[in-house]
1. Each residue of the range 78-89 in turn: what ³J(HN,Hα) in whole Hz from Karplus with 6.51, -1.76, 1.60 and θ = phi - 60°, glycine and Pro shown as x?
2. Tally up the carbon and sulfur contribution to the accessible surface of the chain as a whole percent, 1.4 Å probe, everything protein left in place.
3. Find out how many positive minus negative residues lie around residue 73, taking Lys and Arg as positive, Asp and Glu as negative, among other residues whose Cβ is under 12 Å from that of residue 73.
4. Please list, by residue number, everything in the range 90-106 whose backbone N is under 20 Å from a paramagnetic label point 7 Å out along Cα→Cβ of residue 24.
5. For residue 96, list long-range residues whose amide hydrogen, built 1.01 Å from N in the peptide plane, is under 5 Å from its own amide hydrogen.
6. Tell me, what is the percent relative contact order of the chain, built from C-alpha pairs under 8 Å that lie six or more residues apart?
7. Count the net charge of all other residues whose Cβ sits under 11 Å from the Cβ of residue 184, scoring Lys and Arg as +1 and Asp and Glu as -1.
8. Using the heavy atoms of the protein chains alone and a 1.4 angstrom probe, what is the accessible area of the chain per residue in square angstrom?
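The values are calculated or read from the model by the stated rules, or taken from the named source; none is laboratory data. Only a predicted model underlies this, so the values are computations on that prediction, with no experimental measurement involved. We place every Cβ from the backbone using ideal geometry, glycine too, and count neighbours over all the protein chains shown. Surface accessibility is based on the protein's heavy atoms, side chains included, excluding ligands, DNA and RNA. Shrake-Rupley method; radii C 1.70, N 1.55, O 1.52, S 1.80 Å.
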Amino acid sequence: KLAHDVTNGTATSGKYYKLIDDIHLTQGLWMPIGTTSAKVDRYFAGKFNGNGHTIKDMHISWTNESGSQSRWGLFAKIKGSGTSESQFAAVSNLVIDGALVEMKEGYTPQGTDLIKLGILAGEACDNTEISNIIIRNSKLTDNEKKYTSNCQYRIGGVAGYLENAPYRIFNIVSGAEVNMLKAATCTKVIRMGGIFGNASGFKKDQKYYIPP
């Protein structure tokens, strides 16, 4: 329901969500919380407290929607609305177990724009907290397929792209395997990491700044 609401335009800034049980995502493919394409930029801006619970067996089959900038994970994008505590977006106290983020079968990425992939989030930016996150037994992969891509990639075991600080990021553990682009021919910039694929725009003078 949260994914459906955010993707369809429900405002989450200033709202608080708490998980009260584990969630098993075994019945189908997962569509992220927020829009996967940046053409319609809807994202999570509230506070999500996993309350120590686990989201299990998330399976994402990603594309980049005919060449547009795209972002894929449990959350497509997390972004706060301002620099005060009440305006921060936050995802905390959550375990993700058995997630698989893989390129759609038979698909070849289109265009030249950014593709952002992570288990927790494709992208996290502008006044965001990510804290007390454990990722286990999870994988990002294109299944070592041979293809040619003119896209740029930001791929991370937790989040693909961190952009435009301030951030508050601490207590992160990722057991995610990143098995991407081994057999592909790529003409543009690739940035990958076990935790984050790329980070930019850090501003140490901000009141709430705690770097990764």
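1. Whole-Hz 3J(HN,Hα) from phi for the range 78-89: 10, 8, x, 9, x, 8, 7, 4, 5, 9, 5, 8.
2. Values: 4370 of 9200 Å².
Carbon plus sulfur share of accessible area: 48 percent.
3. On the way: positive: 71, 77, 116, 154; negative: 123.
The answer is +3.
4. 95-101
5. Residues meeting the amide H criterion: 55, 134, 135, 136.
6. Values: 676 pairs, mean separation 36.8, N = 212.
Relative contact order here is 17 percent.
7. Details: positive: 145, 146, 182; negative: 142, 144.
Here the charged neighbours net out to +1.
8. Computed with neighbouring chains in place, this is 43 Å² per residue.
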